[in-house]
Every structure is written in structure tokens, then in C-alpha cells.
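So the structure is just underneath, and the comments pick up after that.
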Amino acid sequence: MPDVVTVRVQTDLDSFQDVVVKIERPTYHKPFLGGFKNRISGVEFHNAGSQTKPKKRPDKGIQLFSFEKNKPQKTKNTTSTQMTKIGLYVSNRTDKLVSPGKYVTADEYHRRRLEAVIVLQTYFRRWHAINVVQNLREQKRLRLAWEAQEQLRRKREKEEKLRKENQRRLNPKTKEDFERLYHDLQLWMQEETERINRTLTGAERKAAFCGLQEKEAQLIASIGRQKLNADKENQQKAILHFLNKCAQPKRWKAYDGKITEMDTQYTLRARELFEIYRSVCMIGIPKEERINVLLTLGHTVKEHECNLTREIVELIAREADLISREVKECNLEGLRKRICTLFLQYIKTPEFNPEVARILKVPSDPLKLYKNVNFCRSCENYLPSTKFPVTANSRTVNRCLMCCKLSNEAHRREEFLKYKLILENLRKSEADYQDDAKIVFLIQQQDLQYLIEQIWDCQSALSACNDLYDLVMVRWDKQLEWSPWNTILLTKDEADAHLKLCNLKEAYTATFIHRMNHKHIWAKSYFAQIPAMTSFLQMNDNQANAN
């Protein structure tokens, strides 16, 4: 079809007019709206749609709503029944005789429905009760199984703890192990002294005390021998740990969490010296390997010329000569110890091993030794400040750590490991809160010991358990920072349950809360004497009032 067509329109009976019509082609496909087909001519006629917009109704200013309502309607349905008549027979073989039953009133009908509902409720309640009982039985079984498992776990932990304690008593290695030995010795002495005072009198009592003193001296000597052996073994371990620390590569963490390692010329040098030292200290190797180790050591120390290296080279030559003469190894022990000691001194010299300067406790500049140095009034030595015990309320420095340790071993023989473990667990738990806790890192072991012994009587506030190895300190109010006036001493299980509480006033009785407040006031009055604690006291009061 062309874009423009001419249409002749009749305007009158005898007049016509040509009109030009422009064809507007639609930009969319017209939908099929139905139609019909002439069966004779085969022409199809489609239903047309209006292209004009519907006329808008005028706005009357009133909001109109339309509602739809569905209502069922019964219409008439005419039916009929065929009956037997003249000329028509209808069989009645399938017919049934219907007789009227008993008439049921409305009250009887509702009563029967109520009885049926009661029967249904009875069976439902029975089914529900069975399920509840089964759930309770299952919960009881799980609870008993959990309690048995927890009891078994506690028994195993107790057995393992006893085994470790016995092992530590038989083979003491650390300072805490020897503290435990001296503490057990003191307890044994007290028991024996009480027994002698209770059972003996006169000369027999004096003789028993003399024998007891001799036994104590023998036990102290035995502990001293074990201490020397442990010190020798720990010294060798400390040397290997120190050299291994020097030989470690540089490490840093990238933004993606990956660890990057880099070896420098100093770490490579430290690793080489560490391997040579381990080879020199080895015992029971063949003679050929020993000579190769000595040659490697000699080539290494000859790189620097000084009195120390010349002495090491001289000792290496002497041992090589004795090995060639087939001298017994037991006669070479002293010479080999001298070589190891001198080579260790060579490794600890920053001129020969630059990496060691980063780890050495003694600074290379002697002038730095005059800073932070204090005088011990007991051993009369000048020591760095790290060698002195400093409590939170101390104002002067008196005795060093070694003198305090000797005094404890000679007189009181107390055991401080339990307080140390409680303080470590407390600091670890406070660090997990990530709320910038500060007071817990100002408290020292002596302060915590006073807090536990004097204020909390060395027992749990709930169960009165007095095993300090099973006790921990946690926050009384977990919303506030830990402090001596915001703490409670509990067992580990009790502490876990306490930290899950949301409202302390609902969980504990008023008497118990009053007793805890009394202990907190006592702790606050004691630690308020410390100047460093004054600011924290005021800060905690303001925070508590805000909460």
C-alpha cells in the first residue's frame, strides 16, 4: 500500500470531491481480536479495535470506591420422574425401600458432637502426653550421659594432673617445679613437727627433732643436686633457642594475611654458625666426621684475626692431634667443652655475627648500662630494673628476684605457680574482650596474691572450692572493665555459667550480692592507696553511673 492515497468522497447527489489521505503505518503489531470467515466466499473478517482514547470522566473532587459482592443464587431446576403407566413398564428391581428413622433434636445432635470431640481430645492428649514423656526421657538420658562424660573427663583430667605433678616432683626442670618441691618439703616438716609435739616429750622429743633436721638437710641437698642438673640442661636448651632465634628469617604479614619470609646476609651468617655449633656439640660421632667438623670450624673462625680466634684454632689443632694419637673420648671432654664455650663466645660477638646484636640483652654501648640500674640491699649488686619485683603499691626497690627466691626457699617456701596461672588466664580472658582493658596489666602477682588470700579467702565465692588450680577470676559485671572491685573468684564451670547471666539481681540472692559488694569495697579501699589506680577508680565510678 502506498504512503498516500486519493479517495473520492460524494458530497452531494451529483458532486464528488477527491481527498488525499496519508497512511500512518503502525509501529507495533495489532493484536488479533477475533473474527469470522464466510464459508461461501472464503473471505475472513476481523474484529476491529478503536484507536482513539476513551473519554475521561470529569473529576468531581470525591474519592470513589468500587465494591464487589458475590452471592450464590439458587435457580429453578425442573425435573421429572418416569412412572409406570399404561403402555410403559419401569422395572423396580433396583429400587430401595426408605423408612424414616428416629428423629434427632438439635440438643441431641450437639450433645453427640460434644461427646465425639471429648473422645478426640482424649486420644490427642494421650498422644501429646506420650510425646512429652518420651522427650523428657530422652533429655534425661542425654543429661545423664553428659554428666557421666563430664565426670569421666574430670577424672581423667585429675589423673593426668596427678601424673604430671608426680612427674614434675620426680624430674623437676623449671623454677616452678622446685618451688613445688620446697613447698611439699615445708608441708612435710609441719606435719612431722605436729606429730612429734603431739606424741613425744622430753629427750625423745629433742632426739626426734634432731633426726627430722638431718632428714631435712638431706632432702635439701638432694633438691640442690637436681637443681644443678636441671640448670645445666636448661642452659644448653637456652643456648640452642637463642641461636635458633638469631637464625630465623625476617617475617611479616601482608594485607591478604599471607606470611612473607626473607633471609638477609646476617640471618644466613647466623644460621651457618648455628649449624656449626650444633655439629661441634655432637657426641659419639666417628673420628673422620669429627675432624671434618673441626676443619670447618677452623676455616670459619680464621676469617677474623683476634686473640679469641687464635685460641680456638690452637685448641682445634690440639684436639686433632690427640684424635690422631687415638686418645680416648672421655679424656677429650674438657677440651671439647672449652672449644664449645669459646665458639659460643665467638657467635655472641656482634663483630663476627651482626644478627646477634638485635637479641643480646647486654647492650654494645657500656654507657647504656647505667640507665635503669638499681642496687639490691641483700646481695649488694647493681642489677637492671627488670631483675626486681615491683608491686602496684611499691615505692622503693629493695631485694632482687634472686634474693627473694632464696629467702622463700629458706624460710616460708611458698608456691606461686597457682597465682601465676590465675593471672595469666585473667589477662588472656580480658584480652579477648578487646575493650582496651588496662587495670589487669597493672596488677602484679603479689597484688593478686593479696586479693585472693586476704579478700577472697582462697576459695570460690559459690561452692567454697579451695583448689586454686581449678579457680579463675572473671568480671562480676561483664559490661565493665575488670578491676579488683569488679571481680569474683569461681571455679571454671561456675565462671562459664556466671558470664552467661544477663541480670545479676535475678540470678543471685540479695545476701550474696551484699557480700560481694562488701568484698569489692574492701578491695577498692586497699587499691585506692596506689597512685596509678586513682584515675581508674574515678573512671569506673563514672562508667557505672552511666550504665
The helices (runs of 4 or more DSSP H) lying wholly within segment 434-515 that contain at least 2 residues that are among the β-branched types (Val, Ile, Thr) are 439-442
Take Leu360 and tell me if it is outside any helix (DSSP H, G or I) and either at pLDDT below 80 or more than 34 Å from the chain's Cα centre (by Cα) (or both). yes
Verdict on Cys502 being more than 23 Å from Phe441 (Cα to Cα) and in contact with a strand residue (DSSP E or B) (Cβ under 8 Å, 6 or more places away or on another chain): no
Would you check if there is a residue in segment 207-226 being on the phi > 0 side of the Ramachandran plot and not charged (D, E, K, R)? no
Identify, please: which residue in segment 385-399 is over 36 Å from the mean Cα position of the chain (by Cα) and modelled with pLDDT of 75 or more and is, among those, least open to solvent (accessible area, probe 1.4 Å)? Asn398
Could you pull out the residue among Ser483, Ser463 that is on the phi < 0 side of the Ramachandran plot, small (Gly, Ala, Ser), surrounded by 16 or more Cβ atoms within 10 Å (Cβ to Cβ) and more than 18 Å from the chain's Cα centre (by Cα)? Ser483
Right, Ile339: modelled with pLDDT of 85 or more and touching a helix residue (DSSP H, G or I) at 6+ places or on another chain (Cβ under 8 Å) or not? yes
Among the residues of segment 294-312, how many are open to solvent by 10 Å² or more (accessible area, probe 1.4 Å) and of a type in the set (A, V, I, L, M)? 2
Would you check if Ile86 is over 60 Å from the mean Cα position of the chain (by Cα), among the hydrophobic types (A, V, I, L, M, F, W, C) and either modelled with pLDDT of 85 or more or farther than 30 Å from Leu181 by Cβ (or both)? yes
How many residues of segment 195-207 are surrounded by 14 or more Cβ atoms within 10 Å (Cβ to Cβ) and assigned to a helix (DSSP H, G or I)? The answer is 1
Would you point out which residue out of Val98, Val117, Val104 is part of a loop (DSSP other than H, G, I, E, B), over 30 Å from Tyr469 (Cα atoms) and open to solvent by less than 100 Å² (accessible area, probe 1.4 Å)? Val104
Out of curiosity, is Arg318 open to solvent by 50 Å² or more (accessible area, probe 1.4 Å), within 15 Å of Leu294 (Cα to Cα), part of a helix (DSSP H, G or I) and at pLDDT 80 or above? yes
Looking only at segment 146-194, count how many residues are closer than 15 Å to Tyr469 by Cβ, loosely packed, with under 14 Cβ neighbours inside 10 Å and acidic (Asp, Glu). 3
Failed item, numbered, when Glu233 is tested on (1) surrounded by 10 or more Cβ atoms within 10 Å (Cβ to Cβ); (2) within 40 Å of the chain's Cα centre (by Cα); (3) acidic (Asp, Glu); (4) farther than 30 Å from His411 by Cβ: (4)
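Per-residue answers, yes or no, for (1) assigned to a helix (DSSP H, G or I); (2) over 34 Å from the mean Cα position of the chain (by Cα):
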| position | (1), (2) |
| --- | --- |
| Lys227 | yes, yes |
| Leu243 | yes, no |
| Asp256 | no, no |
| Thr260 | no, no |
| Val280 | yes, yes |
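The values are calculated or read from the model by the stated rules, or taken from the named source; none is laboratory data. Given the structure is predicted, the values throughout are model-derived calculations rather than measurements. Ideal geometry is used to build each Cβ from the backbone, glycine not excepted, and the neighbour counts take in all protein chains shown. These accessible areas exclude ligands, DNA and RNA; they are computed on the full protein's heavy atoms, side chains included. Shrake-Rupley method; radii C 1.70, N 1.55, O 1.52, S 1.80 Å.
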